[in-house]
Amino acid sequence: MSSSHATNPPAAATSIPFKRILVANRGEIACRVFRTLNALGIASVAIHHRVEARAKHVRMADQAVEISGETPVAAHLDGRQIIEAALATGADAIHPGYGFLSENAGFAKAVVAAGLTFIGPDAATIALMGDKISARNFAAARGVPVAPSVMPTQDIDAFARDAAAIGFPLLIKAAAGGGGKGMSIVRSASELTQAARLAASEAQRYFGDGRVYAETYVERPRHIEVQVLGDGQGNAIHLFERECSVQRRFQKIIEEAPAANLAPELREAICAAAVRLVAAAKYRNAGTVEFILGADGRFFFLEMNTRLQVEHPVTEMITGLDLVRAQIEIAAGHGLPMAQGAVAQHGHAIECRICAEDPAREFLPETGAVRYLGVPEAEYLRFENALDPGQKITTDFDPMLAKLVVHGPNRDAAIARSIAALKELALLGVTTNIDYLARVLGHPAFRAGDLHTGFVAEHREALVIDQPTPDVLHQALIAAALGFREFHDLAFSVPEPHASIGQWRN
Amino acid sequence: MRRIQSMVSPSSAEFRRNEAHNRELVATFRSKQDAARHDRPARDLERLAKQNKMRPRERIEKLLDPGTPFLELSSLAANMAYGGDSPSASSIVGIGIVSGREVVIRADDPTVKGGAWYPLTAKKIVRALDIAMENRLPVVHLCDSAGGFLQLQSEVFPDKYMAGRIFRNQSILSKIGVKQLALVFGHCTAGGAYIPGLSDYSVIVRGTGAVFLGGPPLVRAATGEDVTVEELGGADMHTSVSGTCDYPAANEDEAIHIGREIVSQWDRAKKWDIQREAPEEPAYDPQDIYGILPDDIKKSFDMREIIARIVDGSRFHEYQPNYGTTLVCGYANIWGFKVGILANNGVLFNDSSLKGAHFIELCNQNNTPLVFLQNITGYMIGRDYERRGITKDGAKMIMAQSCSRVPKFTVMCNGSFGAGNYGMCGRAFDGRMLFTWPNHQIGVMGGDQAANTLAEVKMNQMKRNGDAVDQVEVERLWENTRKAYQEQLSAYYSTSELWDDGMIDPVDTRNALGIAISASLNAPLGEPGYGVFRF
Amino acid sequence: MAFKLVLDGTLHEIDIVRRRPHLVVRIDGCEHEVSVTGSYDDGRQAIEIAGSAVHFARAHAADRLLLRLDGRSFEAKLLDPRSEETGGGQDSVRAPMPGAVVTVHKAVGDQVSRGEPLITIESMKLQTALPAPRDGVIAAILRSEGEVFDKDEIIVRLEDMAQES
């Protein structure tokens, strides 16, 4: 698939000023960044806590520095140590990956203050987008749709008037509320005043604060996000959208690009809004603008992530671009890799997040060890991971173990290939959601592209694992039996001619 | 190797007549065997069930590896003794696979008189341990016996090959490195206590297993001490206090499981390296043997037809096909094992005796085990043959056979009379295993011959004494002699007295020999060399 | 003797019927010919059952066996006949030496796993925890804290866990 793709223009590579880059991260994303560094001929520095001294990302880097902390996560959040490590190893720049310090304005500032390049936006932009209110206001001011709302008030009549102006349906909430108390969905003007009064009185009763507020209620919302690149000079392009509606515990588990069943005009409008925001912010770096898309086609700005996204590979797969390389080149001042018009899209890509968790137990994290890892291989597939045989899976870090990213000429093909790859993928030693993901992909609603953030809850029963057929059960029993030494010995240690004579009595 | 070309016609009247006759014989054998194995007084079975005990054959089935053979030996031992009170001589012996290892299994049978040992029980156990010794096969004892059958103590206790020999053999087995395991399911009283005592490993079932020299009644009588079975010789006492037994087990299943685990610790003896091929089923159906064996012992048949239904692919390399033709000699494979076969096709003459002696020497030179298929009326007698030295030619064959260093196996196929029995490796010649077919007869001579001979002697005596020949008395003597002979000639008598290692259905011969040959390879070859041949 | 395998919490019996020309096993009364048996090793395996190839991945994890077959994950455990049928043959915990009870860790009726400390004793100024000899339920505790005992005295009795129906 990649042969027909646009790729980052080759010329820029030779003039990248960075000789050595420290990756302030771990796991699959550190490995992912190192891959690009290797390809660009840039030396790499890894950081690690004592517990991950032999981890794959440490082995993959040219150099590694141990950082300390009360917990492994605390070590990875200790910006001072990380900057010291970068200076000590002679790194020119720091790539933060995602999570940890990637959206920490203070860290970005400290990196720059230390004379290093932060591969990301400037600290002010991080701060702007990191605050929900300021980001929302900034977006609204640039004509990017935000979900309309009515500010908290006790004046029910004024409230009803303002709320009706937003349109329906509406979600009415207690300003001081929580736990669903004083909350209701209103679908017409006639219900509004009554519902507001009820909500206010409940709010008063439960919280001692009768103020209520309202916002547009998005039914069956879809999570659509746009991958953007900005050069920091006000130039920006988008690399199309991704759909990340399938979530559990408010976290994405399946992402795809492009979004399913998105009308071209709507798609164009969403992408244009994202570019508008990014250009206005003079954003520098790769970033993601997240939107909520309602069933009625209305979409609203949710937030902007000023870093590389977990699910960036699906965009790479349909565009053929290396986003890490684009980040480095932008940070080096080389500008955008191409003009908007040159960004092409090929086929469809799906990412499944493989997590150590038990779908049968509310997706609670699981621990264990990697006893066997069998990875499917194909030119259309990426298995992003940093797993090692024998590696312990603990609760020290995020339960995400790996990402399976699959490309196909179209969405159906990408689904079919993903299901096949999930079936082939073997990660033994810890309970994972691999089979669950395959069931989601195989569900008719997913195949139809009928997605929303409540998908997992809506199809909860249909997504429960079914009983294996007797055939499969017996196959598994035979496969298991042959793996027990006691059975193996009994089956194969009988001498001849007794084994041939078999069950014979005279 | 060429296939034997069978000349047998399964559609012939003769074949069908033979088949009907021999199937009848086998049916009788099977029904006697079935009764010996399973017919027990309900009272004994109920008592066993009440104690939560398995029947001895259930224990054996659980002990064996699943899907493997068990060659039971002497299933009809004692079938003509003690008025039938001791089926299978109150014990079960056989060769089977436990945890992938060939072992001799020897089990007491508590469903018969509490598992008491009759004289033939002792003989059977001694033979089982001889087999273990000769073939270096480990032994698993399944102990559950009340002890010696006191009414017959003079035939159980005192002599060289009686009960004491069991413990002597146990000691020697341990000395030569052949392991023994005792699983104590029931009582091991008096001498029986030495079975676990002399085993290298022992497991005892809590609650039912007990080991002591004298049980509570004997202790009370002797010393006045009042003591329970558990205190005197129970599992916990012996495994935690006396150290007489090694492992306690909560029940029989667990005892068997522990036993299997113990056996799985034993080193696998390196087998003696015999020439082996991939096994091949006989090209002719072994069931044909029923139609080949004549319905009358006096009728002759071609042993090659039997060989064709026992050996791999019915392939047979015949040695000296045109010399001494009453003894068929040649090489074949049984379950892949290369063997030298000697089979009788008539009386042994000078040339057949010499051929046999020579072939036995060839097999010893070639490290090839010997298989004797007996159907022999004896060495030829008469003036001409004696003048030609039939006795010294027969002696050569006996010398060569007796001094063989390779293992020997004998199948009593039809008849074994006179000195032919010796040359063809009869019971006295330390063959590793000897099986008898139900149609077989054995004796120094046939019943008619014996009756004739004795009648002749009687008449001569009468004549010598000048008495008138009392024809009625001679007739009676003839008839009585024939009858007594006939009974003792029968294969059932033979197997009852343990003159063999068991009666087998002819179609089972191939498997029985395969297991026996395999077992024999655990022991090293004997010393080479012969005595002085009389030339 | 049949093997008792617990696959994802359900007990199955598996037995060897034949070995030649191919391995034949019986599972819950149903026979299968396994014409290619693969190896004992961890990792990807291909076996053949009734003439059809079956691909799977397998890994050993202590006494468990993890499998991935037909896009499903399985966990198998071999039931130890010694603990299942009999509880290892040890129903009682005896004092290894004379001494006194320091702490009783369990109460009658408690379920215990093999190796769990039941009681701590002191003898010759040395404290020792007496572990459960097998999985089971505490049937009786015969010495309470502070009480003394002789060598080989039974201190705790175990009984089997109630069988699941």
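So which residues in segment C:47-57 are surrounded by fewer than 17 Cβ atoms within 10 Å (Cβ to Cβ), modelled with pLDDT of 95 or more and within 25 Å of A:Pro495 (Cα to Cα), if there are any at all?
Of everything in segment C:47-57, just one residue is surrounded by fewer than 17 Cβ atoms within 10 Å (Cβ to Cβ), modelled with pLDDT of 95 or more and within 25 Å of A:Pro495 (Cα to Cα), namely C:Glu48.
Looking for something within 14 Å of chain B (Cβ to nearest Cβ), without any contact (Cβ under 8 Å) to a residue 60 or more places away in the chain, among the acidic types (Asp, Glu) and surrounded by fewer than 22 Cβ atoms within 10 Å (Cβ to Cβ) - is there at least one such residue anywhere in segment A:488-499?
yes
If I ask for residues that are in contact with a helix residue (DSSP H, G or I) (Cβ under 8 Å, 6 or more places away or on another chain) and charged (D, E, K, R), which ones from segment C:1-27 would you list?
C:Lys4, C:Arg19, C:Arg20
Can you tell me which of A:Val464, A:Val440, A:Val406 is more than 14 Å from chain C (Cβ to nearest Cβ), hydrophobic (A, V, I, L, M, F, W, C) and over 30 Å from B:Lys271 (Cβ atoms)?
Exactly one residue qualifies, and that residue is A:Val406.
Do we have any residue at all in segment C:64-77 that's within 10 Å of chain A (Cβ to nearest Cβ) and assigned to a loop (DSSP other than H, G, I, E, B)?
The answer is yes, given that some residue of segment C:64-77 is within 10 Å of chain A (Cβ to nearest Cβ) and assigned to a loop (DSSP other than H, G, I, E, B).
Inside segment B:48-75, can you point out the residues that are within 25 Å of B:Met433 (Cβ to Cβ) and more than 14 Å from chain A (Cβ to nearest Cβ)?
Within segment B:48-75, B:Pro56, B:Arg59 qualify.
Scan segment B:231-247 for residues that are within 11 Å of chain C (Cβ to nearest Cβ) and loosely packed, with under 12 Cβ neighbours inside 10 Å and report the count.
Going through segment B:231-247 one residue at a time, the tally reaches 1.
Please identify the pairs in which a residue from segment B:475-503 that is within 24 Å of B:Val26 (Cα to Cα) and part of a helix (DSSP H, G or I) has its Cβ atom under 6 Å from the Cβ atom of a residue that is β-branched (Val, Ile, Thr) and at pLDDT 90 or above, counting only partners at least 6 apart or on another chain.
Filtered contacts from segment B:475-503: B:Ala491/B:Thr436; B:Ser494/B:Thr436; B:Ser494/B:Ile442; B:Thr495/B:Thr436.
Within the set of pairs 6 or more residues apart or between chains, which connect a residue that is among the basic types (Lys, Arg) inside segment B:506-522 to a residue that is part of a loop (DSSP other than H, G, I, E, B) with Cβ atoms less than 9 Å apart?
Sorted first by the residue in segment B:506-522, then by its partner, the pairs are B:Arg510/B:Glu281; B:Arg510/B:Pro282; B:Arg510/B:Arg309; B:Arg510/B:Ile310; B:Arg510/B:Val311; B:Arg510/B:Trp335.
Please state which of the following conditions B:Ser353 fails to meet, knowing it meets all the rest: (1) in contact (Cβ under 8 Å) with a residue 60 or more places away in the chain; (2) in a helix (DSSP H, G or I); (3) in the same structural domain as B:Glu231 (by TED's automatic domain parsing).
So B:Ser353 meets the others, but not (3).
If a residue counts only when it is within 14 Å of chain A (Cβ to nearest Cβ) and of a type in the set (Gly, Ala, Ser), which strands (runs of 3 or more DSSP E) contained entirely in segment B:90-187 have at least 2 such residues?
The strands (runs of 3 or more DSSP E) meeting that bar are B:91-98.
Check segment C:96-105 and report whether any residue there is free of Cβ contacts under 8 Å to residues at least 40 places away in the same chain and either more than 10 Å from chain A (Cβ to nearest Cβ) or closer than 30 Å to A:Lys423 by Cβ (or both).
Yes, segment C:96-105 has at least one match.
Looking at B:Leu498, B:Leu521, which is the one that is more than 19 Å from B:Gly415 (Cα to Cα) and in contact with a Lys or Arg (Cβ under 9 Å, 6 or more places away or on another chain)? Don't jump to the end; show me each part of the working.
On the way: B:Leu498 fails: more than 19 Å from B:Gly415 (Cα to Cα).
The unique qualifying residue is B:Leu521.
So, in segment B:215-235, exactly how many residues are over 38 Å from the mean Cα position of the chain (by Cα) and either touching a residue at least 12 places away in the same chain (Cβ under 8 Å) or on the phi > 0 side of the Ramachandran plot (or both)?
Final tally of qualifying residues: 3.
Among the residues of segment B:485-535 satisfying the criterion of being among the polar types (S, T, N, Q) and out of contact with any helix residue (DSSP H, G or I) (no Cβ under 6 Å at 6 or more places or on another chain), which is nearest to the other protein chains (Cβ to nearest Cβ)?
It comes out as B:Ser518.
Considering each residue of segment C:118-150, count those that are surrounded by fewer than 14 Cβ atoms within 10 Å (Cβ to Cβ) and part of a loop (DSSP other than H, G, I, E, B), and give that number.
Of the residues in that region, 7 qualify.
Among A:Asp398, A:Asp388, A:Asp358, which is the only one that is surrounded by fewer than 18 Cβ atoms within 10 Å (Cβ to Cβ), under 16 Å from the mean Cα position of the chain (by Cα) and more than 17 Å from A:Glu316 (Cα to Cα)?
One residue alone meets the criteria, A:Asp398.
Filtering segment C:9-36 down to residues that are assigned to a loop (DSSP other than H, G, I, E, B), within 9 Å of chain A (Cβ to nearest Cβ) and at pLDDT 90 or above, which residue is surrounded by the fewest Cβ atoms within 10 Å (Cβ to Cβ)?
Out of the qualifying residues, it is C:Pro21.
Could you identify the single residue in C:Leu7, C:Leu65 that is over 13 Å from A:Leu482 (Cβ atoms), of a type in the set (A, V, I, L, M, F, W, C) and within 17 Å of the chain's Cα centre (by Cα)?
So the residue among C:Leu7, C:Leu65 that is over 13 Å from A:Leu482 (Cβ atoms), of a type in the set (A, V, I, L, M, F, W, C) and within 17 Å of the chain's Cα centre (by Cα) is C:Leu7.
Collect the residues in segment B:402-443 that are in contact (Cβ under 8 Å) with a residue 40 or more places away in the chain, in contact with a Leu (Cβ under 9 Å, 6 or more places away or on another chain) and among the basic types (Lys, Arg), keeping them in residue-number order.
Within segment B:402-443, B:Arg405, B:Arg427 qualify.
Evaluate the following for B:Gly514: is it closer than 22 Å to B:Ala419 by Cβ and either of a type in the set (S, T, N, Q) or touching a strand residue (DSSP E or B) at 6+ places or on another chain (Cβ under 9 Å) (or both)?
No; evaluated as a whole, the condition is false for this residue.
Which of the residues belonging to segment B:428-479 are among the basic types (Lys, Arg) and either surrounded by fewer than 19 Cβ atoms within 10 Å (Cβ to Cβ) or farther than 28 Å from B:Arg510 by Cα (or both)? Walk me through it before giving the result.
Kept after step one, since they are among the basic types (Lys, Arg), are these residues of segment B:428-479: B:432, B:458, B:463-464, B:476.
The answer is B:Lys458, B:Lys463, B:Arg464, B:Arg476.
For a quick check of your reading of the model, give me the residue pairs whose first member lies in segment B:198-212 and is away from chain C (no Cβ under 11 Å), whose second is of a type in the set (Phe, Trp, Tyr) and not in a loop (DSSP other than H, G, I, E, B), with beta-carbon atoms closer than 7 Å and at least 6 apart or on different chains.
Pairs that qualify, where the first residue is away from chain C (no Cβ under 11 Å) and the partner is of a type in the set (Phe, Trp, Tyr) and not in a loop (DSSP other than H, G, I, E, B), are B:Leu198/B:Phe167; B:Thr208/B:Phe185; B:Gly209/B:Phe185.
Would you be able to say whether some residue in segment A:445-458 is within 8 Å of chain C (Cβ to nearest Cβ) and outside any loop (DSSP other than H, G, I, E, B)? Talk me through it step by step, then tell me what you get.
If we filter segment A:445-458 for residues that are within 8 Å of chain C (Cβ to nearest Cβ), which is where we start, we get none.
No, there is no match, as no residue in segment A:445-458 is within 8 Å of chain C (Cβ to nearest Cβ) and outside any loop (DSSP other than H, G, I, E, B).
Quickly run through segment A:291-311 and pick out the residues that are buried (at least 19 other Cβ atoms within 10 Å of the Cβ) and charged (D, E, K, R).
Result: A:Arg307, A:Glu311.
Only one of B:Tyr493, B:Tyr485 is within 30 Å of B:Ser90 (Cβ to Cβ) and touching a Gly at 6+ places or on another chain (Cβ under 8 Å); which?
Sole residue among the options that is within 30 Å of B:Ser90 (Cβ to Cβ) and touching a Gly at 6+ places or on another chain (Cβ under 8 Å): B:Tyr485.
I need the full set of residues from segment B:285-300 which are assigned to a loop (DSSP other than H, G, I, E, B) and buried (at least 19 other Cβ atoms within 10 Å of the Cβ), in order please.
B:Leu293
Out of the strands (runs of 3 or more DSSP E) lying entirely within segment A:68-183, which hold 1 or more residues that are free of Cβ contacts under 8 Å to residues at least 40 places away in the same chain and farther than 30 Å from A:His334 by Cα?
A:170-174
The values are calculated or read from the model by the stated rules, or taken from the named source; none is laboratory data. As the structure is a prediction and not an experimental result, all values here were calculated from the model. When we count neighbours, we look across all protein chains shown, and the Cβ atoms used for this are built from the backbone with ideal geometry, even at glycine.
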